[in-house]
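Worksheet: the structure to be examined is printed underneath.
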């Protein structure tokens, strides 16, 4: 499975810098009392390094690219090479937090991945995720006004994305997978005034369309929802 056409396509279409992104803005979503963390798609371990600098934590990673995984093993405690959830062996009920930073949209079945992730969570465990927002204003503008749906190397229409979500469908996905979302926040807000016509149409475009991603904190069957 590690040598499947989908995996080859992903690796062939990803620049080395993709695996180095630290995702510093997601660190504060990892609970500070977490002592064991698993990151799916850990790249070279940049995010895990930041979390380990902030708190005392045993940090594991899963990475499909062996070159990135080798680099990650230098700074993380354990690194598994393979595809989650079927391509790696992990200890059940071991992790206080499982992280999916811009990973779920690359999966054929992210609903199943979230359900299986619960098997690896401790009784008080959480899932942290960053998911692109297809309802992002520049994407809508190019689609509705220009009639464009052009895949790119990065961003919402990344050519390796298999699934697309709005804020509403993100919440539905987590709910269907058996989670209660305790926090969901838009990140990377777009400067809407760069499109002049929005001076007239602004009321219809505020809200979730200005965010390229949503950051999510969830746990199985617990918590209240905080929106913005």
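The length gained on full extension between residue 119 and residue 94, counted as 0.36 nm times the residue separation minus their Cα-Cα distance, comes to 8.1 nm.
Translational diffusion of the range 104-188 was estimated from the Stokes-Einstein equation, with Rh taken as the Kirkwood radius over Cα pairs; at 10 °C and 1.306 mPa s the coefficient is 111 µm²/s.
Taken over the Cα atoms of the range 53-116, the convex hull encloses 104 Å³ per residue. Applying 0.36 nm per residue to the separation of residue 74 and residue 108 and subtracting their alpha-carbon distance, the gain on full extension is 9.3 nm.
Every read-out reported here was derived from the displayed coordinates using simple, explicitly stated rules and does not represent laboratory data. On a predicted model such as this, the values are computed, not experimentally measured, just so you know.
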